[in-house]
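The values are calculated or read from the model by the stated rules, or taken from the named source; none is laboratory data. In this text the structure is predicted, and so the values were computed from the model without any measurement. Cβ sites come from the backbone with ideal geometry, for glycine too, and all protein chains shown count toward neighbours. What goes into the accessible areas is simple: the full protein's heavy atoms, side chains included, and nothing from ligands, DNA or RNA. Shrake-Rupley method; radii C 1.70, N 1.55, O 1.52, S 1.80 Å.
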Amino acid sequence: MESVEVFTTEGKGRGLKAQKEFLPGDVIFAEPAYAAVVFDSLTHVICHTCFKRQERLHRCGQCKFAYYCDRTCQRAAWLNHKNECSAIKRHGKAPTENIRLAARIMWKIEREGSGLSEGCLVSIDDLQNHVDSFDEEEKKELRADVESFLEFWPPHSQQFGMQYISHIFGVINCNGFTLSDQRGLQAVGVGIFPNLCQANHDCWPNCTVIFNNGNHEAVRSMFHTQMRIELRALTKISPGDELTVSYVDFLNLSEERRKQLKKQYYFDCTCEHCKKQIKDDLMLAVKEGEGKPSAETVKEVIQFSKDTLEKISKARMEGLYHEVVKLCRECLKKQEPVLGDTNIYLLRILSIASEVLSYLQMFEEAADYAKRMVDGYLKIYHPNNAQLGMAVMRAGVTHWHAGLIEAGHGLICKAYAILLITHGPSHPITKDLEVMRVQTEMELRMFQQNEFMYYKMREAALKNQKIQVMPEPSNETSPGLFHKKE
């Protein structure tokens, strides 16, 4: 942590400042979780140590609750699971994720004290809890959590006062960091990272935070790497610059982002993009030219889009994917003559349509929507935005499935360039993307040499059938339909 320092910022409290220069893609610091737990709904399919999704997991023989990749992960978890294991057996069942996370924090405090831990810039006691800003509903939930915690907490463990327990739940409420599986595609847990908590928000930040599940696959434990978050530079950062991250997705109007930040994190965003409403014009773009729609027409289409998004959400929850596609097509038909290519309501429908159509293996239509979505995203997002990189990657894969190898390879290369900065070369997602990049490059070369042979081999590979290659034609009249190009 010698490369950063904590400082006090006017109007924003504590923040982090760079002590040296960083270039795009540099890891500013990596931090293991102070405490972390798997979400309640995924406790049986996600490893409780590295948070990777695995087909076969080993269950703890004592509490029958915790699951691990293997003995290596189980041994690594024992220090944090030991007290939890006996408490679950005593209690009769595992409590909710909030209670489990609070208990893990308390047991760590019991073992090590509440002062500065090794590598920490601040202590758990110094983290903001914002309990005083809670509304009545949040206070009611807090009281319920404290009550449930006291029922679960063993009587022989160190006892904490109600105020301190409330502080811990407040810290979890506004500082809990979402953890993803090894592919970065699904949120699977929540953790507390004290150093990361010091980084202030900016809607157009100079850093990004990536979760790395670590690696326990090496034979010798000395080569194992720990589960951690990495704070990575998105742009060139000079000594003395404040290090900022974005707490919310940029793909929202500045007013909506400010409302979300106020509600969830209890502060008013004063970043340049919010104050000047930068990019709002793109996100509200309408068709220009002779047929420019009236303000009333735009208002009607946006309201129709909002209503459709609600219907889509309900249909997706019920697994009615063909209904989702129908709703998307109807909405796009209304949007396309009225909304601009970067309008967020159009982009949201395009994103959903491409994702669901890909799932239904209707790849050609999905690829068309994905390409339009990416073209809009590239005009709105920061060029090194992690969400942009993931969206471009998905679009590239969709194009590949559709047999559009040239466009697919181009998108995969673009995504790879972004993820090298946001995730780094050793992240599992980047490694997967590198494999795809090499494969599509090879396929593109084959496609450029002989389109017919490429599609023939592709068709056979997708069907998992042995390919029947036609004999190379001679100078004599050949029975084959095609002849070799000079």
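Applying the selection to region 275-287, what residues are more than 16 Å from E336 (Cα to Cα) and open to solvent by 60 Å² or more (accessible area, probe 1.4 Å)? Walk me through it before giving the result.
Step one: of region 275-287, the residues more than 16 Å from E336 (Cα to Cα) are 275-281.
The answer is K275, K276, Q277, D281.
Suppose we keep only residues that are over 23 Å from the mean Cα position of the chain (by Cα) and not in a loop (DSSP other than H, G, I, E, B) within region 17-34. Which one would you say is surrounded by the most Cβ atoms within 10 Å (Cβ to Cβ)? Walk me through how you get there before you give the answer.
Filtering region 17-34 for residues over 23 Å from the mean Cα position of the chain (by Cα) gives 17-22.
Cutting the leftovers down to not in a loop (DSSP other than H, G, I, E, B) gives us 17-18, 22.
Working: K17: 16, A18: 20, F22: 25.
Here the answer is F22.
Pull up region 90-104, narrow it to residues that are basic (K, R) and at pLDDT below 95, then point me to the one that is least open to solvent (accessible area, probe 1.4 Å). Give the derivation first.
Just the residues of region 90-104 that are basic (K, R), to begin with: 90, 93, 100, 104.
Those left that are additionally at pLDDT below 95: 90, 93.
On the way: R90: 119, K93: 134 Å².
Within region 90-104, the match that is least open to solvent (accessible area, probe 1.4 Å) is R90.
Can you tell me how many residues within region 35-50 are modelled with pLDDT of 90 or more and in a loop (DSSP other than H, G, I, E, B)?
Residues meeting the conditions: 7.
Do the conditions hold for Y381, that is, is it of a type in the set (S, T, Y) and touching a Leu at 6+ places or on another chain (Cβ under 8 Å)?
Values: of a type in the set (S, T, Y): yes; touching a Leu at 6+ places or on another chain (Cβ under 8 Å): yes.
So Y381 fits the description; yes.
Can you say whether S86 is in a helix (DSSP H, G or I), free of Cβ contacts under 8 Å to residues at least 24 places away in the same chain and either among the polar types (S, T, N, Q) or surrounded by 15 or more Cβ atoms within 10 Å (Cβ to Cβ) (or both), as far as the supplied structure shows?
Values: in a helix (DSSP H, G or I): yes; free of Cβ contacts under 8 Å to residues at least 24 places away in the same chain: no; either among the polar types (S, T, N, Q) or surrounded by 15 or more Cβ atoms within 10 Å (Cβ to Cβ) (or both): yes.
Criteria not met by S86.
List pairs: first residue in region 24-38 and without any contact (Cβ under 8 Å) to a residue 60 or more places away in the chain, second residue open to solvent by 50 Å² or more (accessible area, probe 1.4 Å) and of a type in the set (F, W, Y) anywhere in the structure, Cβ distance under 7 angstrom, at least six positions apart or on different chains.
Listed pairs, sorted by first residue: none to list.
Among the residues of region 247-257, count how many are more than 24 Å from R232 (Cβ to Cβ), surrounded by fewer than 17 Cβ atoms within 10 Å (Cβ to Cβ) and of a type outside the set (A, V, I, L, M).
Within region 247-257, the first condition is being more than 24 Å from R232 (Cβ to Cβ), and the residues that meet it are 253-256.
Among the residues that remain, those that are also surrounded by fewer than 17 Cβ atoms within 10 Å (Cβ to Cβ) are: 253, 255-256.
Pick out the ones that are also of a type outside the set (A, V, I, L, M) and you get 255-256.
Total satisfying the criteria: 2.
Could you check, for region 105-114, whether at least one of its residues is of a type in the set (S, T, Y), at pLDDT 90 or above and open to solvent by less than 50 Å² (accessible area, probe 1.4 Å)?
Here is the first cut: in region 105-114, the ones of a type in the set (S, T, Y) are 114.
Among the residues that remain, those that are also at pLDDT 90 or above are: none.
No, because not a single residue in region 105-114 is of a type in the set (S, T, Y), at pLDDT 90 or above and open to solvent by less than 50 Å² (accessible area, probe 1.4 Å).
Give E296, E300, E290 a once-over and let me know the one that is touching a helix residue (DSSP H, G or I) at 6+ places or on another chain (Cβ under 9 Å), more than 30 Å from K12 (Cα to Cα) and free of Cβ contacts under 8 Å to residues at least 12 places away in the same chain. Before you say what the answer is, go through the steps one by one.
Numbers: E296 fails: touching a helix residue (DSSP H, G or I) at 6+ places or on another chain (Cβ under 9 Å); E290 fails: touching a helix residue (DSSP H, G or I) at 6+ places or on another chain (Cβ under 9 Å).
That would be E300, the only listed residue that is touching a helix residue (DSSP H, G or I) at 6+ places or on another chain (Cβ under 9 Å), more than 30 Å from K12 (Cα to Cα) and free of Cβ contacts under 8 Å to residues at least 12 places away in the same chain.
Just checking, which of R56, R75 is part of a helix (DSSP H, G or I), open to solvent by 10 Å² or more (accessible area, probe 1.4 Å) and in the same structural domain as G176 (by the TED database)? Lay out the reasoning, then the answer.
Working: R56 fails: part of a helix (DSSP H, G or I).
Result: R75 is the single residue among R56, R75 that is part of a helix (DSSP H, G or I), open to solvent by 10 Å² or more (accessible area, probe 1.4 Å) and in the same structural domain as G176 (by the TED database).
One line per residue, one yes/no per condition, for (1) in the same structural domain as R14 (by the TED database); (2) open to solvent by 40 Å² or more (accessible area, probe 1.4 Å):
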site	(1), (2)
V245	yes, no
K259	no, yes
K262	no, yes
H273	no, no
G289	no, yes
D307	no, yes
K311	no, yes
M317	no, yes
P337	no, yes
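Right, Q158: assigned to a loop (DSSP other than H, G, I, E, B), of a type outside the set (K, R) and loosely packed, with under 13 Cβ neighbours inside 10 Å or not?
Working: assigned to a loop (DSSP other than H, G, I, E, B): yes; of a type outside the set (K, R): yes; loosely packed, with under 13 Cβ neighbours inside 10 Å: yes.
Criteria met by Q158.
Of the numbered conditions (1) surrounded by fewer than 19 Cβ atoms within 10 Å (Cβ to Cβ); (2) assigned to a helix (DSSP H, G or I); (3) in contact (Cβ under 8 Å) with a residue 12 or more places away in the chain, G408 fails exactly one; give the number of that condition.
(1)
Which one of the conditions (1) touching a Leu at 6+ places or on another chain (Cβ under 9 Å); (2) over 14 Å from N175 (Cβ atoms); (3) among the hydrophobic types (A, V, I, L, M, F, W, C) does V122 fail to meet, given that it meets all the rest?
Of the numbered conditions (1) touching a Leu at 6+ places or on another chain (Cβ under 9 Å); (2) over 14 Å from N175 (Cβ atoms); (3) among the hydrophobic types (A, V, I, L, M, F, W, C), the odd one out for V122 is (2).
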